[in-house]
Amino acid sequence: MVWLTAVLFSQDESGKIIPMNEKEYFPKRAMSIHAHPDDQEFTVAGTLARWVQSGCEVVSVIVTSGEAGSNDPSRGSDFKLELARMREAEQSSANAELGILETIFLHYPDGELEPTLPLRRDLTRLIRQYKPEVVVIGDPQGLFYGNGYINHPDHRAAAQAALYAVFPSSETRLIFTDLLADGVEPHKVKRLYVHGSEKSDTWIDIASTIGIKISALKKHVSQLGDWDPKKMIREWASEEGKEHGLEYAEAYKVMILSEEEDRG
Ligand SMILES: [Zn+2]
């Protein structure tokens, strides 16, 4: 982990926004876990790009391949394999744009995801193998966003499985002992960044990376078609940042699971 000077704001227990004079946290290795190709780009890509620029290695885990992401009436179930391939390629291009070198697809079924023990075990294995300092997920409690969007159940399922893979499964030796038998040793994640939370307490300044976020999102051509997401992404980020003195921001609830800091 390295420390770089940056503006960071937080909220005290009464909800008051307070500038934090401490230096911003930049992990050395982070893992982003999301249900579908494009989830990461719509939500946390500005933060990941910043971390990459600071020297962080980011591992991107996509639980499904997004193969249900079409309402074209001329297409049937035989289109799913083709769409999965297309969307995996789009995600890999998006990650290349963000400077993410490692992308892992778990091939769970899109639209039918549940927070099962096998999924938690798969995520636990990855966390133990890659040993991220930080894991970035959605909010498993998020049912509704605004008046118009019901959170996709796959988002909640991936977030819940990832949450409990972070704690307790990754760090507890005698959970999933089949992993131990494979030589996969426990690992303790230091911080969990949860986006889409109603209780955000940390705002990351993405002014320098919002352009990269938008170009990464544009790689998801099968989902965006001719639509240019630039205006909407800038509006969202501006909305997140405006009360915190930031032009563009991404908001998180941050769980600090270990205060132990490696200043190397
Ligand atoms: Zn999604």
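Of the solvent-accessible surface of the chain, computed with a 1.4 Å probe over protein heavy atoms with every protein chain present, carbon and sulfur atoms account for 51 percent. Here the extension length gained between R85 and I150 equals 20.7 nm, from 0.36 nm per residue of separation less the Cα-Cα distance.
Counting only Cβ charges, +1 for Lys and Arg and -1 for Asp and Glu, the dipole size of the range 108-264 around its Cα centre is about 200 debye. Across the chain, Cα-Cα pairs more than 28 Å apart make up 32 percent of the total. Dipole magnitude for the range 37-148: computed about the Cα centre from +1 point charges on Lys and Arg Cβ and -1 point charges on Asp and Glu Cβ, it is near 420 debye. Across all directions, the average flat footprint of the convex hull enclosing the Cα atoms of the range 211-254 is 3.7 nm².
The trypsin sites (Lys or Arg not before Pro) found in the range 181-264 that occupy coil by DSSP, while having at most 12 further C-beta atoms within 10 Å, are K199, R263. When both bridge partners sit in the range 113-264, DSSP labels roughly 75% of those beta bridges antiparallel.
Straight-line cross-link partners of K218 among the lysines, defined as a Cα under 24 Å from its Cα and at least 8 positions apart when in the same chain: K80, K230, K231.
Taken about its Cα centre, the chain carries a charge dipole of about 340 debye when Lys and Arg each add +1 at the Cβ and Asp and Glu each add -1 at the Cβ. Summarising the label geometry, the points placed 7 Å from Cα in the beta-carbon direction at N71 and S208 lie 4.0 nm from one another.
Of all DSSP bridge pairs formed entirely within the chain, close to 55 percent run antiparallel. Normalised size of the range 114-230, defined as Cα radius of gyration per 2.2 N^0.38 Å with N residues, equals 1.26.
In this label model, K199 and E260 are separated by 2.6 nm, measuring between points 7 Å along each Cα→Cβ vector.
The values are calculated or read from the model by the stated rules, or taken from the named source; none is laboratory data. Just so you know, these numbers come straight off a predicted model, no measurement behind them. Don't worry about glycine lacking a Cβ; one is built from the backbone with ideal geometry, like all the others, and counts go over all protein chains shown. Accessible surface areas use protein heavy atoms only, side chains included; no ligands, DNA or RNA. Shrake-Rupley method; radii C 1.70, N 1.55, O 1.52, S 1.80 Å.
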